[in-house]
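Trainee: Structure in structure tokens, see below.
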Amino acid sequence: MVFSNPEIWALTLSMAIPLALPAVGGTFSERTGVVNIAMEGIMLIGAFFGVAFSYWTGNAWVGLLAAIVCGALTALALAWGAIHVSADQTVLGMGINIFAAGLTTFLLNTLFGYSGTPVNTPKLPTLSIPGLDHIPYIGIVFQNQSVLVYIGIVLIFLSHWFLFSTRLGLRMRSVGENPLAADTLGIPVWRLRYLGVVLSGIFSAIGGAYLSIGILNGFTSNMTSGRGYIALAAMIFGKWTPLGSFGAALIFGFSTALGIVLQGHGVSSNLLQMIPYALTILALTGLIGRSTPPAADGIPYEPRR
Amino acid sequence: MKALQSILLPVAASLVAIVIGAILVAALGYNPVSVYGSLVSGAFGSLGNLGNTITASLPLIIIGLGIALSFQSGLFNIGADGQYWIGATAAVWVGYHFTSLPGWLHMVLCLLAGMLAGAIWAGIVPGLTKAFVGAHEVITTMMMSYIAILFARYLIEGGPMQQKGYIPQSPLIASNTQFPYFTQGFQQAQLSPISMIIAAIAVLAAWFLLYKTTLGFSLRSVGLNARAAKYAGIRVKLYIVLALALSGLFAGLAGAVQMLGVDHQLLDGFSSNYGYTAIVVALLARNNPLGVIISGLFFGALTTGGQNMQIASNVPASLTNVLEGLIIFFVGCERIIPQVIGWYRRRRSARAQTPAS
């Protein structure tokens, strides 16, 4: 009964995108060897500045661009600390998460007051795929989804191709597996790590902007509500690959959608929401397909001179 | 030199964060001096405010001890927030059952339940999976933390711990388990001498355990170099489980103390974030149990001062989160100091060599 309702599949896709994008971003970062738990914070930064610039300029696309720039800058701070200073990457990520949650709430209240962002903030358009949307049943999945859903899906497939089928992608992965070997081959370890972390910032920020100017047209304090951490889980469950992350995000998105649809059917959405976290622990323990991180993940590299 | 650096670094990190905060506040058109002034007076301005600061710092201190202990054992317990809530849930459950017990025994049982629940939550899944299959504790403790909060929320939103009625909250704990407040001096603050004594005992216990017992020595050895500890005959796996369990035990105790001393019931929300702020508390204290008192009070003061600041100067209290995040970031970047010193020395020696060669 529930599964024959196509709404649930549309909802699954729309709930999976804000998990998949930061998860793919995290994949870029961790594949180059920098642990990134700051997706939550960077999503908040993207969500806030997306709304702010969308309102100030009256153009949601400028908002999206601003979100990307701010997300990349935040990621740059993480990259600098992780790569140049060899700081503990988990500590840095924690710092960024708390900072971002504080800063976005602080700016929300100082710039827009306590009643929230203006209601007339422009949002990104929704789109139906002509042709696909006429197919019965499946069609509704691709009806009136935010344009970012389609952009996101394209980006995810591109990322997978980039990471596993291009020379640059191979080099990025080599830096995360064995930086010393990569360095002796003349591969610029630090530069590729910067690239990985900044890409993670861009993807996370798009994920955040999807929430604030894709689905809604406003920002509320801590509106990501832990999605950055579920994205972390999706990345691990997806075995540090973009397509795997997308698959995991779809499973997690489905459990969220199920929670929404089953509300009022006597099933606790709180219990359903545990599924992503429980699956991730199982994946890490090897009970359902062992997930192993890149070998040099989280280990700073000092270039030999 | 090292001792001096361990004090100077957190102070410097905090100062830099405060300066950045001042710039941010000034850029938005406020007077940073009066903003920080209202923060300080809100934290320490009166006996009542001081009491509030101590109340806010107690859970941070107790959780911070556990996090410091895990850091010293080479483990990053990032999920203390969930262990705190599981401890709180267990304490509240015991608190409104067994009402025929004498008050002191009932209190002790609540505290023990909280500690046990926290220890199990951190020790079983994150501890055992870390020890036996190498699952990274940062991820497992974080996932377990979310599961804990969802579980607690389930219990009071239609689950077995919901009080009769429509409001998602648990019943109140028995009145004879609630800690008595100060009747003089701090009476405006929800501060109990019992909470303070428990926190003091926790600090001493953590310090004694880490530095004066074989267990503590083994834990620190595992933290410094797990491989060397293994060759020295220390059962590393056992100590990994113990370190996480002990860390969760402190977080669970904090949850129990908070329920018995302040909240008296589980309320919907679960957004205290004590578990995350306590990470900063431990980092700033350089994982020293005695230092945790000072950094715990510092962040307690930021919390209460921030609320006063919002009322007095209309600057949102979330400014304190900005400061917190910056402090963690800068403390995390501690290795920049030896790098800068090294760079300075190289430059000086290069300059000294140039005329000679």
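Trainee: Which numbered condition trips up B:GLN265, out of (1) out of contact with any strand residue (DSSP E or B) (no Cβ under 7 Å at 6 or more places or on another chain); (2) in contact (Cβ under 8 Å) with a residue 40 or more places away in the chain; (3) more than 19 Å from B:ALA206 (Cα to Cα)?
Mentor: (1) is the only condition that B:GLN265 fails.
Trainee: Among the residues of the range A:111-126, which ones are surrounded by fewer than 18 Cβ atoms within 10 Å (Cβ to Cβ) and assigned to a loop (DSSP other than H, G, I, E, B)?
Mentor: A:GLY113, A:TYR114, A:SER115, A:GLY116, A:PRO118, A:VAL119, A:ASN120, A:PRO122, A:PRO125
Trainee: Same structure again: Using the structure shown, decide if A:SER14 is in contact with a strand residue (DSSP E or B) (Cβ under 7 Å, 6 or more places away or on another chain), on the phi < 0 side of the Ramachandran plot and away from chain B (no Cβ under 14 Å). Explain how you work it out, then say what you get.
Mentor: Working: in contact with a strand residue (DSSP E or B) (Cβ under 7 Å, 6 or more places away or on another chain): yes; on the phi < 0 side of the Ramachandran plot: yes; away from chain B (no Cβ under 14 Å): yes.
Considered against the rule, which asks whether it is in contact with a strand residue (DSSP E or B) (Cβ under 7 Å, 6 or more places away or on another chain), on the phi < 0 side of the Ramachandran plot and away from chain B (no Cβ under 14 Å), A:SER14 comes out as yes.
Trainee: For residues in the range A:215-269 being among the polar types (S, T, N, Q) and over 15 Å from A:GLY41 (Cα atoms), which is nearest to the chain's Cα centre (by Cα)? Before you say what the answer is, go through the steps one by one.
Mentor: So in the range A:215-269, the residues among the polar types (S, T, N, Q) come out as A:217, A:220-222, A:224-225, A:241, A:245, A:255-256, A:263, A:268-269.
Narrowing the set further to residues that are over 15 Å from A:GLY41 (Cα atoms) leaves A:217, A:241, A:245, A:255-256, A:263, A:268-269.
Details: A:ASN217: 19, A:THR241: 13, A:SER245: 10, A:SER255: 18, A:THR256: 16, A:GLN263: 26, A:SER268: 26, A:SER269: 23 Å.
It comes out as A:SER245.
Trainee: When A:TRP80 is evaluated against the numbered criteria (1) surrounded by fewer than 19 Cβ atoms within 10 Å (Cβ to Cβ); (2) of a type in the set (A, V, I, L, M, F, W, C); (3) touching a residue at least 60 places away in the same chain (Cβ under 8 Å), which criterion, by number, is the only one it fails?
Mentor: The number of the failed condition is (3).
Trainee: Filter the range B:305-357 down to the residues that are within 8 Å of chain A (Cβ to nearest Cβ), assigned to a loop (DSSP other than H, G, I, E, B) and out of contact with any helix residue (DSSP H, G or I) (no Cβ under 8 Å at 6 or more places or on another chain) and list them by number.
Mentor: B:ARG335
Trainee: If you go through the range B:271-283, how many residues are part of a loop (DSSP other than H, G, I, E, B) and away from chain A (no Cβ under 11 Å)? Give the steps one after another, and end with the answer.
Mentor: Of the residues in the range B:271-283, the ones part of a loop (DSSP other than H, G, I, E, B) are B:271-273.
After this cut, where a residue has to be away from chain A (no Cβ under 11 Å) as well, the list is B:272.
The total comes to 1.
Trainee: Please list, ordered by first then second residue, the pairs with beta carbon atoms under 8 Å, 6 or more apart or interchain, first in the range A:221-244 and over 16 Å from A:GLU30 (Cβ atoms), second of a type in the set (Val, Ile, Thr).
Mentor: A:SER221/A:THR104; A:SER221/A:THR105; A:ASN222/A:THR105
Trainee: Separate question: Tell me which of these A:ASP133 doesn't satisfy, since it passes every other one: (1) within 11 Å of chain B (Cβ to nearest Cβ); (2) without any contact (Cβ under 8 Å) to a residue 12 or more places away in the chain; (3) under 30 Å from A:LEU13 (Cα atoms).
Mentor: Of everything listed in (1) within 11 Å of chain B (Cβ to nearest Cβ); (2) without any contact (Cβ under 8 Å) to a residue 12 or more places away in the chain; (3) under 30 Å from A:LEU13 (Cα atoms), A:ASP133 misses just condition (1).
Conditions (1) farther than 30 Å from A:ALA182 by Cβ; (2) buried (at least 20 other Cβ atoms within 10 Å of the Cβ), marked per residue:
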site	(1), (2)
A:GLU7	yes, no
A:MET15	yes, yes
A:PRO22	no, yes
A:GLY25	no, yes
A:SER29	no, yes
A:THR32	no, yes
A:ILE37	no, yes
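Trainee: Output the residue which, of all residues in the range B:12-54 that are out of contact with any Ser or Thr (no Cβ under 7 Å at 6 or more places or on another chain), of a type in the set (S, T, N, Q) and farther than 24 Å from B:ILE337 by Cβ, is farthest from the other protein chains (Cβ to nearest Cβ).
Mentor: My answer is B:SER46.
Trainee: Just to confirm my filter: which helices (runs of 4 or more DSSP H) fall fully inside the range B:75-176 and include at least 1 residues that are crowded, with 16+ Cβ neighbours inside 10 Å and under 19 Å from the mean Cα position of the chain (by Cα)?
Mentor: Details: elements: B:80-96, B:103-122, B:128-133, B:137-156.
Filter on the range B:75-176 gives B:80-96, B:103-122, B:137-156.
Trainee: Next up: Looking for whichever is surrounded by 22 or more Cβ atoms within 10 Å (Cβ to Cβ), farther than 17 Å from A:LEU13 by Cα and at pLDDT below 85 here; the options are A:THR256, A:THR280. Which one fits?
Mentor: On inspection, the qualifying residue turns out to be A:THR280.
Trainee: Out of curiosity, is A:VAL147 touching a Leu at 6+ places or on another chain (Cβ under 6 Å) and surrounded by fewer than 18 Cβ atoms within 10 Å (Cβ to Cβ)?
Mentor: So A:VAL147 passes the test.
Trainee: Could you pull out every one of the helices (runs of 4 or more DSSP H) wholly within the range A:143-242 that has 3 or more residues that are within 14 Å of chain B (Cβ to nearest Cβ) and among the aliphatic types (A, V, I, L, M)?
Mentor: In the range A:143-242, the matching helices (runs of 4 or more DSSP H) lie at A:227-237.
Trainee: Related question: Hey, among A:GLY46, A:GLY26, A:GLY63, A:GLY33, which residue is in a loop (DSSP other than H, G, I, E, B), among the small types (Gly, Ala, Ser) and touching a residue at least 60 places away in the same chain (Cβ under 8 Å)?
Mentor: Numbers: A:GLY46 fails: in a loop (DSSP other than H, G, I, E, B); A:GLY26 fails: in a loop (DSSP other than H, G, I, E, B); A:GLY63 fails: in a loop (DSSP other than H, G, I, E, B).
Exactly one residue qualifies, and that residue is A:GLY33.
Trainee: Taking the range B:319-357 as the search range and keeping residues that are surrounded by fewer than 21 Cβ atoms within 10 Å (Cβ to Cβ) and among the hydroxyl-bearing types (Ser, Thr, Tyr), which one is nearest to A:MET94 (Cα to Cα)?
Mentor: B:TYR344
Trainee: Sticking with this structure for a sec: Could you check the range A:243-273 and list, in sequence order, the residues that are within 14 Å of chain B (Cβ to nearest Cβ) and hydroxyl-bearing (Ser, Thr, Tyr)?
Mentor: Scanning the range A:243-273 gives A:SER255, A:THR256, A:SER268, A:SER269.
Trainee: Give me the pairs: first residue in the range B:285-303 and at positive phi, second residue basic (Lys, Arg), beta-carbon distance under 9 Å, and six or more apart or on different chains, which are they?
Mentor: Going by the 9 Å Cβ cut-off, there are no qualifying pairs.
Trainee: Tell me, which residue of the range A:259-277 that is in a loop (DSSP other than H, G, I, E, B) and in contact with a Ser or Thr (Cβ under 8 Å, 6 or more places away or on another chain) is surrounded by the most Cβ atoms within 10 Å (Cβ to Cβ)? Show your work before the answer.
Mentor: Filtering the range A:259-277 down to residues in a loop (DSSP other than H, G, I, E, B) leaves A:262-268, A:273-274.
From what's left, in contact with a Ser or Thr (Cβ under 8 Å, 6 or more places away or on another chain): A:262-263, A:273.
Working: A:LEU262: 15, A:GLN263: 12, A:GLN273: 22.
Filtering the range A:259-277 for residues that are in a loop (DSSP other than H, G, I, E, B) and in contact with a Ser or Thr (Cβ under 8 Å, 6 or more places away or on another chain), the one surrounded by the most Cβ atoms within 10 Å (Cβ to Cβ) comes out as A:GLN273.
The values are calculated or read from the model by the stated rules, or taken from the named source; none is laboratory data. Because the structure is a prediction, the values reported are computed rather than measured. Glycine also receives a Cβ, built like all others from the backbone with ideal geometry; neighbour counts cover every protein chain displayed.
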